[in-house]
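Visitor: Handing you this structure, nothing more for now.
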Amino acid sequence: MMAVRPATWRALRGLLAGQRRRLSGAPQQQGIGSADETSLRPLYMDVQATTPMDPRVLDTMLPYLVHFYGNPHSRTHAYGWESESAMEKARQQVASLIGADPREIIFTSGATESNNIAIKGVGRFYKSRKKHIITTQTEHKCVLDSCRALEAEGFQVTYLPVQKNGIIDLKDLKNAIQPDTGLVSVMTVNNEIGVVQPVKDIGQICSSHKIFFHTDAAQAVGKIPLNVNDMKIDLMSISGHKIYGPKGVGAIYVRRRPRVRLEPIQSGGGQERGLRSGTVPTPLAVGLGAACELAQQEMEYDHKRISLLAGRLVTSIMSEIPDVVMNGDPVHRYPGCINLSFAYVEGESLLMALKDVALSSGSACTSASLEPSYVLRAIGTDEDLAHSSIRFGIGRFTTEEEVDYTVKKCIQHVKRLREMSPLWEMVQDGVDLKSIKWTQH
């Protein structure tokens, strides 16, 4: 792969991070197109929610937004042909990243749609003889809700628990398999705590029982090596905006041999092998393809650099603040997703204090809820600790300066908030909080 980053790569870093200068010393991003051009924005540390588009992806997309605007399904003129050619090239780029055949890639609007197609599509097609589905308690909400929708249609769904490290016990999976099990759906990298499931082992188990295996790989594609054949994956969900591509586009990999059959969930003109009707948005598909190609080229470099930055962040925080817990397995994880619980600190209060850093307390899809993260509850985290968790996201364009600033501010505000906490004061006095019987008035 790339031993050193080329000059063009440094220039790209400059485009996204070089503007981040703050009068008080914080490396912030300047507002673009706002009424006040001198206004400053928080620095970005939430790449699990979405990633900034790589400028090279935008460059690839621009001609198809302005000049090559034909419908890729128009077969009677050059406008359609050139758009179709670009779409098929993008399909090849996506397929190459995961070791698939281009004919096995179906363009969608994103991983949510891909997950819906996989679970509802397989479930409904084989419902006459396969009415049992296995998934985990820590899946993305769109997977869990798709399973609940099938339960309302008469399917039986087993929601596997995870161990305290966030990883499933393969014995639980084997024990859950029934004669009518038709699908197993387990995400590759968790979007909240970053743990990596043993996907290859799961694929082997499913293959030996002739059960289809689907994985939501939105947080894994382009970040860790994946090969659908080696891992015996039958369906895979992919998202564009998680890999520095455009929003509004994704893909689903559907195995051809042995063939996986799906019942489409959207009716229309029969595009995408009849599995996903609707005109494929050529500029977005081109952007997804370009993002996948770049990810394939730079995965090793990105992973090494992100690992170093993640280690810097975790080590710096934990060396300065006691009673900090890293959620999820410390080894089998994607390093760019760090979920820390700060005991005796309310997570929402810490987020508000860190107003000049864009962070999250969990999934962006459920962050409006005041309930503690269901993922953290599933791994056995106490409710108080679950409420005190913060997710730090480190990506391709994150700088050392940003990490150091985030660490500095995090340490400062955790110490300040703990000084205000009567619980922290009691702990310092040697009181065991679990021994206290609290009364309600």
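Visitor: Let me confirm something: among 375, 324, which residue is in contact with a Leu (Cβ under 7 Å, 6 or more places away or on another chain), at negative phi and of a type in the set (A, V, I, L, M, F, W, C)?
Guide: It is 324.
Visitor: How do the pairs read when you match residues in the stretch 275-290 that are over 21 Å from residue 260 (Cβ atoms) with residues anywhere that are buried (at least 24 other Cβ atoms within 10 Å of the Cβ) and of a type in the set (Ser, Thr, Tyr), using Cβ under 6 Å and keeping only pairs 6 or more apart or on different chains?
Guide: From the stretch 275-290, the pairs are 282/83.
Visitor: What number of residues within the stretch 36-50 satisfy the criterion of being over 20 Å from the mean Cα position of the chain (by Cα), at pLDDT 90 or above and in a strand (DSSP E or B)?
Guide: Adding up the residues that qualify gives 1.
Visitor: Kindly list the number of the only condition in (1) modelled with pLDDT under 95; (2) surrounded by 24 or more Cβ atoms within 10 Å (Cβ to Cβ) that fails for residue 188.
Guide: Of (1) modelled with pLDDT under 95; (2) surrounded by 24 or more Cβ atoms within 10 Å (Cβ to Cβ), only one is false for residue 188: (1).
Visitor: Working carefully through the options 200, 223, find the one that is farther than 30 Å from residue 372 by Cα and open to solvent by 10 Å² or more (accessible area, probe 1.4 Å).
Guide: Just one listed residue meets the conditions, 200.
Visitor: Cβ-Cβ below 6 Å, separation at least six or inter-chain, first residue in the stretch 198-220 and within 12 Å of residue 135 (Cα to Cα) and among the aliphatic types (A, V, I, L, M), second open to solvent by less than 10 Å² (accessible area, probe 1.4 Å) and assigned to a loop (DSSP other than H, G, I, E, B): which pairs?
Guide: Between residues of the stretch 198-220 that are within 12 Å of residue 135 (Cα to Cα) and among the aliphatic types (A, V, I, L, M) and residues that are open to solvent by less than 10 Å² (accessible area, probe 1.4 Å) and assigned to a loop (DSSP other than H, G, I, E, B), the close pairs are 202/186.
Visitor: Going through the stretch 395-441 one residue at a time, which ones are assigned to a loop (DSSP other than H, G, I, E, B), at pLDDT below 75 and polar (S, T, N, Q)?
Guide: Hits for the stretch 395-441 are 439, 440.
Visitor: Here is a follow-up. Taking only the stretch 331-358 into account, find how many residues are open to solvent by 40 Å² or more (accessible area, probe 1.4 Å), part of a loop (DSSP other than H, G, I, E, B) and touching a residue at least 12 places away in the same chain (Cβ under 8 Å).
Guide: 4
Visitor: If only one of 88, 113 is within 24 Å of residue 227 (Cα to Cα), among the charged types (D, E, K, R) and under 22 Å from the mean Cα position of the chain (by Cα), which one is it?
Guide: It is 113.
Visitor: In addition: Identify, please: which residue in the stretch 265-304 is in contact with a Ser or Thr (Cβ under 7 Å, 6 or more places away or on another chain), part of a loop (DSSP other than H, G, I, E, B) and of a type in the set (Gly, Ala, Ser) and is, among those, most open to solvent (accessible area, probe 1.4 Å)?
Guide: Within the stretch 265-304, the match that is most open to solvent (accessible area, probe 1.4 Å) is 267.
Visitor: So residue 384 fits all but one of (1) modelled with pLDDT of 90 or more; (2) not in a loop (DSSP other than H, G, I, E, B); what number is the exception?
Guide: (1)
The values are calculated or read from the model by the stated rules, or taken from the named source; none is laboratory data. It should be emphasised that the depicted structure is a prediction, and the values quoted were computed from it without experimental measurement. Counting neighbours? That spans all protein chains shown, and the Cβs are built from the backbone with ideal geometry, glycine included. Accessible surface areas use protein heavy atoms only, side chains included; no ligands, DNA or RNA. Shrake-Rupley method; radii C 1.70, N 1.55, O 1.52, S 1.80 Å.
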